[in-house]
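Below is one structure, written out as structure tokens; the observations come after it.
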Amino acid sequence: MRWLALRTLTVLGCLAALAVVSKLLSANLDTYVFLVVIQCGVAMTLAASLNLINGITGQFSIGHAGFYAAGAYVGAAWTVLWQPIVVRHVPLLQLGAPVGDTLTLLIAIVVGAAAAAVAGVVVGLPSLRLRGDYLAIVTLGFGEVIRVVILNIDAVGGARGLTGIPTLVGSGDLAFFWVFGLVLAVVALSRNLMRTTRGLTWLAVREDEIAADAMGVDTTRVKVSAFVVGSAFAGVAGVMYAHYFTSISPDVFGMDMSIIITTMVVLGGTGSVSGSLLAAIVLTALPEFLRFMQDYRMVIFSTMLVVVMLTRPQGMFGHGEISFAKLKQLFGRRAAGGAKP
Amino acid sequence: MLALRSVSVRYGAIEALSQVDLEVNQGEIVTLIGANGAGKSTTIRAICGQVPTSSGSIHFEGREITRTPAHRLVHAGIAQSPEGRRIFANMTVRENLELGAFIHHGKHEQIRQDIDRVFQLFPRLSERVNQSAGTLSGGEQQMLAMGRSLMARPKLLLRDEPSLGLAPFLVQQIFQIIREINKEGVTILLVEQNAYQALRVAHRAYVLGTGSIVVSDTAERLLANEQVQAAYLGE
């Protein structure tokens, strides 16, 4: 009971802190910077969720944009197409702005996550027989399949995209709260997973599948769970994107998006949660802040990626994480080194 | 306890095992010796369900386990150690042991006791609890692999080449520990290149030659057997 109370307090504390931060940031940042911050939040969720599949469980998947798209489109389809019908037929659900909108968004999150999770199972199944580059090709192909299917569904706008999605998350502090609440959720899940025996089994599958099997770990189940959980979070990131930017189109979720998300995970250090978060921020914000370079922007950006990979082949953080203990150790060593003549 | 009834395994056109009959009784140490490519490891893999058998059946405690996947066998009480040490190199010694006890996860008190027992058997490991397993020496890794399989509290322990690549005195130590584990009631099936050492700890032995069993007898008699001496003991 005490454990439960402590947990609840931690969660409430985090949410309260998040609410305060959202108020402060939305009041003080200019619109453009705030937009980039929101994009960073979505990217962080995408990177951290792919890290569950690629980094922690070691299943090389590079079709994450497919799950992102599945979540975005199904979530938006609910809000734009299905929700009005449901509300028209059930007068009980005509709740008005704050309550009704939140409920609609929550349901959008659930259906978006579910759609992406189903797609995750479909891709997860071949991962039982394929590994490495073969799996990568299948996931990449599947991501494209999702995009092409969407392209051909006229009800969601086809190539024109789906527009006029109500901004249920608002454009100010509420948007920040939702997007970064999601980041917190995926980080908390990753962190808790890594601290349990169940999480160790995910790592064990990455390290040595045969040995994991010999420990009694059902490797099939681990791999499919990783795909389901990872893609569900990508789906929710898609729901957030759709309800913040109010329009989505298939070309947002193309192969290049998949590659960027994969780059975030690899650049951050495969398996490192804090690494993928940081890389997500860098890869999202840097192209924006390099805009003053005009045409040279992408050249410089790409060069920086190459330099990072050459100097830190294991990614920025390797398998490690940022922790207070390590920071203390690092600065402690610096201080001790500095004290010596 | 464990019985193989005319088990055959094919790798494509090649028959790696043909009609192998093998029995391990409760409380025994049984060893499987033979030259390279005789089918020792294949036998272990067939028992673990890592390679499909083309004919025959495998039974454990009266139940057929021929097509049981590897991870289920652990729950039944068979601890396997795949060829090579196959420890989780990027995890700490403690994490490796915890994974060994995966089927008992949640039973914290039991796991704590078992880790203590492993450290009693292998004091070297206790000095390296929080070190990542990849940094251990070959002998220590072998000890960790052994300790890890004990964490599952198996009834039957399968070991593939526990002495591989170890210094002679470490080999002695590993076999000493195998004997100790056996005294505590764990039945052991041992695959070994080091026939002499294996026969000294085992109760019974099977000699494999190109996929089928050539001789089976008590370890004592095989040690004295001139043909076996000539072929496998280098005398």
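Remarks
- Residues considered: A:VAL179, A:VAL224, A:VAL307. Largest GNM mean-square fluctuation over chain A, using C-alpha springs under 10 Å, is found at A:VAL307.
- DSSP bridge orientation in the protein assembly as shown - percent antiparallel, rounded to nearest 5: 55
- Heavy-atom accessible area order for A:PHE301, B:PHE60, A:PHE60, largest first, 1.4 Å probe: A:PHE60, A:PHE301, B:PHE60
- Computed from the C-alpha gyration tensor, the three semi-axes of the ellipsoid equivalent to the stretch B:28-143 are 29, 19, 13 Å, from longest to shortest.
- Sum of -39500 (n - 2.57) over DSSP H runs of 4+, divided by residues of chain B (222 nm, nearest 500): -11000 deg cm²/dmol
- With R₀ set to 22 Å, the beta-carbon distance separating B:HIS59 from B:ARG10 gives a calculated FRET efficiency near 0.60.
- Gyration tensor (alpha-carbon) shape descriptor, the protein assembly as shown, a/c threshold 1.5: prolate
- Probe 1.4 Å, all protein chains present, accessible-area order of B:VAL7, A:VAL299, largest first: A:VAL299, B:VAL7
- Working note: Cα gyration tensor of chain A, eigenvalues times five, square-rooted, sorted largest first, giving semi-axes of 32, 25, 23 Å.
- Reported to the nearest whole Å, the Cα centre-to-centre distance from the stretch A:61-131 to the stretch B:77-150 is 43.
- Across the stretch A:108-116, coupling constants 3J(HN,Hα) worked out from phi with the 6.51/-1.76/1.60 Karplus curve, θ = phi - 60°, read 4, 4, 5, 5, x, 4, 5, 4, 5 Hz, and Gly and Pro carry x.
- Computed with a 1.4 Å probe over protein heavy atoms only, the accessible area of A:ARG147 comes to about 50 Å².
- For the protein assembly as shown, lysine pairs with C-alpha atoms less than 24 angstrom apart, excluding pairs fewer than eight positions apart on the same chain, total 5.
- GNM top mover of A:GLY172, A:GLY320, A:GLY100 - chain A, alpha-carbon springs below 10 Å: A:GLY100
- Each residue was assigned an accessible area with a 1.4 Å probe, and for A:TYR134 the value is about 150 Å².
- Selected from A:VAL266, A:VAL90, A:VAL138 as most flexible by GNM, with chain A as the system and alpha-carbon contacts under 10 Å: A:VAL90
- Histogram of C-alpha separations across chain B, 5 Å bin width, %: 1, 7, 15, 18, 20, 16, 12, 7, 3, 1, 0
- Percentage relative contact order, chain A, counting C-alpha pairs under 8 Å, at least six apart: 31
The values are calculated or read from the model by the stated rules, or taken from the named source; none is laboratory data. Please read all numbers here as calculations on a predicted model, not as lab measurements. Using ideal geometry, Cβ is built from the backbone for each residue, glycine included, and neighbour counts are taken over all protein chains shown. Heavy atoms of the whole protein, side chains included, go into the accessibility calculation; ligands, DNA and RNA do not. Shrake-Rupley method; radii C 1.70, N 1.55, O 1.52, S 1.80 Å.
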